[in-house]
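Chemist: Got a structure here, written out as structure tokens. Questions coming.
The values are calculated or read from the model by the stated rules, or taken from the named source; none is laboratory data. Predicted model, so just to flag it, every value in this text is computed and none were measured. Methodologically, a virtual Cβ is constructed for each residue, glycine included, from the backbone with ideal geometry; neighbour enumeration extends over all protein chains shown. SASA here: full protein model, heavy atoms, side chains in, ligands and nucleic acids out. Shrake-Rupley method; radii C 1.70, N 1.55, O 1.52, S 1.80 Å.
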Amino acid sequence: MTTTERAPRRSRPQLSYRPKPGEIPTNPGVYRFRDTQGRVLYVGKAKNLRARLSNYFAPLHTLHERTRRMVTTATSVEWTVVATDVDSLQLEYQWIKEFDPPFNVRYRDDKSYPFMAVTLGDEAPRVMVTRNHRIAGAKYFGPYPKVWAVHDTIDLLIKVFPIRTCSDASYKKAMASGRPCFPGQIGRCGGPCSMKVTIDEHRAIVDDFVAFMAGGDQRFTREMTARMNEASAAMDYESAAMYRDKLQAIDAVLKRSALVLPADTDADLFGIAEDELAAAVQHFVVRGGRVRGVRATTIEKEIDISGADLVDQVLQRTYGDASAADIPRQVLVPELPDDADELEEWLRARRGKRVSLGVAQRGQKAELMKTATLNAQQALMLHKTRRTSDYVARTQALTDLQEAFGLEEAPLRIECYDVSHLGGTNVVASMVVFEDGLPRKDQYRSFKVENTTDDTDSLYQVLTRRLAYLDRPEEQDDAAEEGAAPRKRPRFAYPPQLLLVDGGAPQVAAAARALADAGHQEIALAGIAKRLEEVWLPGDDFPVILPRTSEALYLLQRLRDEAHRFAIRHQRSRRRRDIQTVLTEVPGLGEARIRALLRHFGSVSALKKATPEEITELPGVGPKLAAAIVDHLSDG
């Protein structure tokens, strides 16, 4: 294993530390981006280091905004070459744990889940409810959604498998005095401390308990049924009634985890829902064909990451410190990561047996995956709305902004603006409105910007147009889209307490100029820069740094990201409308075929790159029409 560090260079101002062509090896390995203080910002792995790292040094405007923020924050990159892809997977996991890089995905378990634990390391193992997942020698089952669910399950199971439930202190006292422990006296403990079984006999019952919980329920059901029938045939009705009660207890436990897959299925299913900023994971633990536990996790994304890479990270975190017994025979995910073979090998080495990694495509497993994914979608929606729907959190956010910006009152109405363009063309801007910390989507606006490609000039134009309505509320809204019917907009007469722009000092300066020219300098102004989530105020030489976990920063990020989303959506709709207008000029091409073309190629850029032969693959499009489409698009 060799490590190479690329020191900063001054040959390229944008990314001065970019390695020279050929310096990066093509071997598998792990790379780290660092900042000026040497802090590790991001850790990643690659089968081919040169190919992967070249993606980060593409032209900055082509990078995802969060990836761009990471590479511009970094001042150096280093890489470590390893022998195999599996080694790179293991090293990546170790480094992420060691350095906790701020741009790697961040996990937050929804809660501290209760588990059922059997302390197999004890002389007389005990079954207990715990949230501590580090008891030496313990066997865990779950997690369970509620504590009462674990207690109910234990209450039912000790009727079938009477094992120890009393505390260690009670056990020691009972064994030393020869008197049963108190739970044993009332029939709640079946350990040696109850004076009813020996240590060896108790250990055998514990083994049956663990086997049942691990998925051997069918064997015990058959055995109990056979014993009940034998006792009944021998007219030993008391024993038959005892076995009947045990069967009823087993049935009650099994009904709590319905059979969803074949009885020999041991699998983990991961349902994942995500957007640009966050993801939610629902981990279904299936043992013996039954869902034995569900764990929910939310993930904060700090850099652009594909769904396949997200699966990779989730599996590393789930099984990185797992015991062999906690790794099932099969792991089902929404999509396979690029290093699926290496992950299988890694899991197999940790389990000591074969592990298959796959995608559930049909049948019962696919149906269960749909359920897990649906739960993940609901969890993601809850995660995104929980903080904004919390009145206390919203009030705290507005109060924090008031204090941070030195405002006389909390900014109850905030307007945020973002400018978006496509390679300097098709410039549009968006305005989103939050009132009392909640979005007012009925007041969102979009603007078309003419005769400029400069972000600051575009921002100045848009704000000048908007601020004019504060003095002329009775006039109709000419900021509406072209072709739309003019409407009265009395709500435009309400001034925001805070005007937020997407950007740093240059954007804030342009907005301040617009406010001054409009005579509305009473409106507070701030900008939030993507690079380090810095907040800039007009005229300040240094930014305001809000705590990363603060409600105020979370609110500003939501405003910024919502403005960006709305601007991108508006730009895409205009581009789609423009290309449809161009295509309608092609003789013989109607609306149905235009929709089919765009749906088939997926994007306008893909359609423009298509050859006549590729276009003729679409039903109803002949060679002559395909040639006409290509000629018309090339002329445009």
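Chemist: Looking only at residues that are modelled with pLDDT under 80 and not in a helix (DSSP H, G or I) in the stretch 143-171, which one is surrounded by the most Cβ atoms within 10 Å (Cβ to Cβ)?
Modeler: Pro143
Chemist: Considering only the stretch 320-338, state which residues are in a loop (DSSP other than H, G, I, E, B), in contact with a strand residue (DSSP E or B) (Cβ under 6 Å, 6 or more places away or on another chain) and open to solvent by 10 Å² or more (accessible area, probe 1.4 Å).
Modeler: Pro334
Chemist: Looking only at residues in the stretch 65-79 that are closer than 20 Å to Asp312 by Cα and at pLDDT below 90, which one is surrounded by the most Cβ atoms within 10 Å (Cβ to Cβ)?
Modeler: Restricting to residues being closer than 20 Å to Asp312 by Cα and at pLDDT below 90, the top hit is Thr67.
Chemist: Look through Arg292, Arg317 and report the one residue that is assigned to a strand (DSSP E or B) and either open to solvent by 20 Å² or more (accessible area, probe 1.4 Å) or under 24 Å from Arg69 (Cβ atoms) (or both).
Modeler: Arg292
Chemist: Here's another thing I want to ask about it. Name the single residue, out of those in the stretch 1-52 being of a type in the set (Val, Ile, Thr) and modelled with pLDDT of 80 or more, that is surrounded by the fewest Cβ atoms within 10 Å (Cβ to Cβ).
Modeler: If we filter the stretch 1-52 for residues that are of a type in the set (Val, Ile, Thr), which is where we start, we get 2-4, 24, 26, 30, 36, 40, 43.
Going one step further and asking which of them are modelled with pLDDT of 80 or more, we end up with 24, 26, 30, 36, 40, 43.
Values: Ile24: 24, Thr26: 13, Val30: 26, Thr36: 10, Val40: 20, Val43: 22.
Result: Thr36.
Per-residue answers, yes or no, for (1) modelled with pLDDT of 85 or more; (2) in a loop (DSSP other than H, G, I, E, B); (3) open to solvent by 30 Å² or more (accessible area, probe 1.4 Å):
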position	(1), (2), (3)
Gln402	yes, no, yes
Cys416	yes, no, no
Asn426	no, no, yes
Val432	yes, no, no
Phe447	no, no, no
Tyr460	yes, no, yes
Leu467	yes, no, no
Arg491	no, no, yes
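Chemist: Which residues, counting only those in the stretch 345-363, are in contact (Cβ under 8 Å) with a residue 12 or more places away in the chain and either over 18 Å from Thr318 (Cα atoms) or assigned to a loop (DSSP other than H, G, I, E, B) (or both)?
Modeler: Across the stretch 345-363, the qualifying residues are Gly352, Lys353, Arg354, Val355, Val359, Ala360.
Chemist: Report, by residue number, each residue of the stretch 295-304 that is open to solvent by 20 Å² or more (accessible area, probe 1.4 Å) and part of a strand (DSSP E or B).
Modeler: Arg295, Glu300
Chemist: Cβ-Cβ under 9 Å, sequence separation 6+ or interchain: first residue in the stretch 600-616 and within 13 Å of Ile629 (Cα to Cα) and of a type in the set (A, V, I, L, M, F, W, C), partner open to solvent by 60 Å² or more (accessible area, probe 1.4 Å) and at pLDDT below 70. Which pairs?
Modeler: Correct list of pairs: Val604/Arg575; Val604/Arg576; Val604/Asp578.
Chemist: Continuing with the same structure: So Thr452 fits all but one of (1) modelled with pLDDT under 85; (2) touching a helix residue (DSSP H, G or I) at 6+ places or on another chain (Cβ under 7 Å); (3) closer than 23 Å to Ala509 by Cβ; (4) not in a loop (DSSP other than H, G, I, E, B); what number is the exception?
Modeler: Thr452 satisfies every listed condition except (4).
Let's see how each residue does on (1) closer than 25 Å to Ala510 by Cβ; (2) modelled with pLDDT under 75; (3) part of a loop (DSSP other than H, G, I, E, B); (4) within 25 Å of the chain's Cα centre (by Cα):
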residue	(1), (2), (3), (4)
Arg531	yes, yes, yes, yes
Leu553	yes, no, no, yes
Ile568	yes, no, no, yes
Ile579	no, yes, no, no
Leu589	no, yes, yes, no
Ser605	no, yes, no, no
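Chemist: Ok, one more. Can you name the condition, by its number, that Tyr107 falls short on among (1) modelled with pLDDT under 80; (2) within 22 Å of the chain's Cα centre (by Cα); (3) crowded, with 20+ Cβ neighbours inside 10 Å?
Modeler: (3)
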